[in-house]
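The values are calculated or read from the model by the stated rules, or taken from the named source; none is laboratory data. Nothing here was measured: the structure is a model prediction, and the numbers come from that model. Positions of Cβ are backbone-derived with ideal geometry, glycine not excepted, and every protein chain shown enters the neighbour counts. Each accessible area value is taken on the protein alone, full model and side chains, heavy atoms only, with ligands, DNA and RNA left out. Shrake-Rupley method; radii C 1.70, N 1.55, O 1.52, S 1.80 Å.
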Amino acid sequence: MNISREILSPAYHNLPYLPPKLETNPEKDFDFIKNGILDSKIEYFDELTIRYLETPHEIEKVKFLRQQINLEIHSLLDSNFLINEQRRDELGLTFCFELEGKTIGTIRFVPMKYGLTLTESLLGETEYSNPILYENGWEVGRLVLDPNYRNEQDLLKKCLFSTLLYLYENTNIQEFFASCTHVLSRLYRRFGFSIIKKDVLLPRTEKNYTLIRGNACEIFKYLSVEKANEYLN
């Protein structure tokens, strides 16, 4: 397995204005990276590669996939959606999935505690409504697979498996959260996630989401390559 490594150097120059409530210290956001570097790409399954997208230019390659998500719903909840979406890309970790050299999917992880994630806005009356409880949490989102590959058996599961394993090997992230459809929540639960709250109504919409959480200690029980077939079948 050939791995090329690159120094992690997120683009923090010319960041958009942040409201005073978002008191950030971006230089500390990436202390969780083991050894201060991330593998730029790695292959866990035959022909399936996960690639870390570091720069805005690199992230552009998955914008066509993100367009399949109804982001208009999200913009109803955030009057500064476009600015904050850029901020999420800059503070988060974006990956793409490649199959035989073609980009077929993407996923993004965004640090919580800055008030930038959908999950934070929906936690409401739950045990996690106190920000201290998700100080080290990361939201999983923007998980999309090219429609032409959605009928490929187990492909989405392999993509999620590969991403979680990548984070296990490269970072010290301890808590994952997500706001997703009930159908997608079932996939996450196969990797140790648990439900925080069901049927959470998105304000000003008729759409319901399920809030889920995954503790690293539980999730990483599922991330042995040797046991991959057991968990993916």
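Condition test on Ala178, is it buried (at least 18 other Cβ atoms within 10 Å of the Cβ) and more than 19 Å from Leu116 (Cα to Cα)?
Working: buried (at least 18 other Cβ atoms within 10 Å of the Cβ): yes; more than 19 Å from Leu116 (Cα to Cα): no.
So Ala178 does not fit the description; no.
If you check Tyr149, Tyr166, which single one turns out to be open to solvent by less than 10 Å² (accessible area, probe 1.4 Å), aromatic (Phe, Trp, Tyr) and either out of contact with any Asp or Glu (no Cβ under 7 Å at 6 or more places or on another chain) or more than 27 Å from Asp46 (Cβ to Cβ) (or both)?
Working: Tyr149 fails: open to solvent by less than 10 Å² (accessible area, probe 1.4 Å).
Just a single option satisfies the conditions, and that option is Tyr166.
Report the residue count in segment 45-72 for those that are under 19 Å from Gly92 (Cβ atoms), surrounded by 17 or more Cβ atoms within 10 Å (Cβ to Cβ) and not β-branched (Val, Ile, Thr).
5
Tally the residues that are over 23 Å from Lys102 (Cβ atoms) and modelled with pLDDT of 80 or more, restricting the search to segment 141-175. First the steps, then the outcome.
Going residue by residue through segment 141-175, those that are over 23 Å from Lys102 (Cβ atoms) are 167-175.
In the following step, the residues that additionally are modelled with pLDDT of 80 or more were identified as 167, 173-175.
So the count comes out to 4.
With segment 44-92 as the region, which helices (runs of 4 or more DSSP H) entirely inside it contain at least 1 residues that are in contact with a strand residue (DSSP E or B) (Cβ under 9 Å, 6 or more places away or on another chain) and either under 24 Å from Thr205 (Cβ atoms) or free of Cβ contacts under 8 Å to residues at least 60 places away in the same chain (or both)? Give the steps one after another, and end with the answer.
Working: elements: 56-59, 63-66, 71-76, 81-91.
Fully inside segment 44-92 and qualifying: 56-59, 63-66, 81-91.
Name the residue that is nearest to Asn170 (Cα to Cα), counting only residues in segment 197-214 that are at pLDDT 80 or above and open to solvent by 40 Å² or more (accessible area, probe 1.4 Å).
Among them, the one singled out is Arg213.
Is one or more of the residues making up segment 129-137 touching a strand residue (DSSP E or B) at 6+ places or on another chain (Cβ under 7 Å), surrounded by 15 or more Cβ atoms within 10 Å (Cβ to Cβ) and modelled with pLDDT of 80 or more?
Yes; the residues of segment 129-137 include at least one that is touching a strand residue (DSSP E or B) at 6+ places or on another chain (Cβ under 7 Å), surrounded by 15 or more Cβ atoms within 10 Å (Cβ to Cβ) and modelled with pLDDT of 80 or more.
Residues that are more than 16 Å from the chain's Cα centre (by Cα), modelled with pLDDT under 90 and surrounded by 19 or more Cβ atoms within 10 Å (Cβ to Cβ): does segment 111-125 have at least one? If you could, list the steps in order and put the result at the bottom.
Filtering segment 111-125 for residues more than 16 Å from the chain's Cα centre (by Cα) gives 121-125.
Pick out the ones that are also modelled with pLDDT under 90 and you get 121-125.
When the remaining residues are screened for being surrounded by 19 or more Cβ atoms within 10 Å (Cβ to Cβ), the result is 122-123.
For segment 111-125, residues more than 16 Å from the chain's Cα centre (by Cα), modelled with pLDDT under 90 and surrounded by 19 or more Cβ atoms within 10 Å (Cβ to Cβ): present.
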